[in-house]
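The values are calculated or read from the model by the stated rules, or taken from the named source; none is laboratory data. The shown structure was predicted, so the numbers you read here are calculated from the model rather than taken from an experiment. Cβ coordinates were reconstructed from backbone atoms using ideal geometry, including for glycine residues, and neighbour counts include every protein chain displayed. Just so you know, the surface numbers come from the protein's heavy atoms only, side chains and all, with ligands and any DNA or RNA stripped out. Shrake-Rupley method; radii C 1.70, N 1.55, O 1.52, S 1.80 Å.
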Amino acid sequence: MSNASLPAEPAPPRGPASTGVPTTVGVVVGLVLLVLGSLAFGGLLDGVLENDDLATVDHPVLDWMVAHRTAWVTAALTGVTNVFGPTLLPILVAVGCGLWWWRTRRWREPALLVGAMLLAVGVSSLVKALVARPRPDETSMTVPGVESTFSFPSGHTIGAATLVLVLGYLVWSRRGGVRALVGWVVGSVLLVALVGGSRLYLGYHFTTDVLAGASLALAVLGVVVLADVGLPALRARRSAGRHDPGRIVGPP
């Protein structure tokens, strides 16, 4: 029998067609991100509850920030914290995702980004309510009394980190490239440091609040990777099973 008559070997399962990422690799990466983010958050939470480990630097760092404020830095970081706050950021994400769909006519990526932001907000709000950690004293805040919610974790930080991590992943996974990957990682670190640092500098959060927000965002990214790579593969497998002429239905 000639090779041309032999059935082709089935291709290994892959993620979304536009990424070409093997499903197994995507699932492993997603699980690693989810576990690492969760473990980091768990360690920070334990320190806050027990008032040890990294929580011991919360007040010294806050006191140093307050003692080294300058007018122009305060003005600049107030602008940063306002952009990534609960009023303006959702509007920017909604408009951006709407434009993304309008330009590409693809709903998948905008839906994943919106879903990630909603998940981040939901998890952050739940943890805040359960832990109920008070904010720093109002005398440390640049605008006393402007923040009335609980402190742990930082909502600004988890929002900014989720946005840059998930958006960067969605863009990079469709285009690839080492330079794009490095740019995504460096840009994410810088933006998260800027937003988280603004919350510390302005006196609205402690260090562990900011780190906890970043950790939860990493876990949210893991969930997005799992959904982005795993769900299409699962649908494709089910579809192949329904259309397989050799599939046995019912008892033999």
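What length, rounded to one decimal in nm, is gained on full extension from Val57 through to Thr78, with 0.36 nm per residue of separation minus their alpha-carbon distance?
Computed gain between Val57 and Thr78 is 5.2 nm.
Just the number please: accessible area per residue for segment 81-192, 1.4 Å probe, all protein chains included, in Å². All intermediate terms of the calculation are to be shown ahead of the outcome.
Details: 6180 Å² over 112 residues.
Heavy-atom accessible area per residue stands at 55 Å².
With the dipole of segment 59-209 worked out from charges on the C-beta (+1 for Lys and Arg, -1 for Asp and Glu) around the Cα centre, which of Phe84, Ala120, Gly177 lies farthest toward the positive end?
Working it through, the farthest residue towards the positive pole turns out to be Gly177.
Once the dipole of segment 132-184 is set up with Lys and Arg at +1 and Asp and Glu at -1 on Cβ about the Cα centre, which of Ala132, Thr162, Pro144 lies farthest towards its positive end?
Result: Thr162.
Provide the net charge surrounding Trp184, with neighbours chosen by a C-beta distance below 13 Å and charges set as Lys +1, Arg +1, Asp -1, Glu -1.
+3
Taking each pair of different alpha-carbon atoms in segment 87-193 once, compute 1/r for the pair, average those values, and report the inverse of that mean as the Kirkwood hydrodynamic radius in Å to one decimal.
Across segment 87-193, the inverse of the average 1/r is 15.6 Å.
What span do the alpha-carbon atoms of segment 84-137 cover on each of the three principal axes, reported in whole Å from largest to smallest?
Per principal axis, max minus min of the Cα coordinates gives 46, 19, 9 Å.
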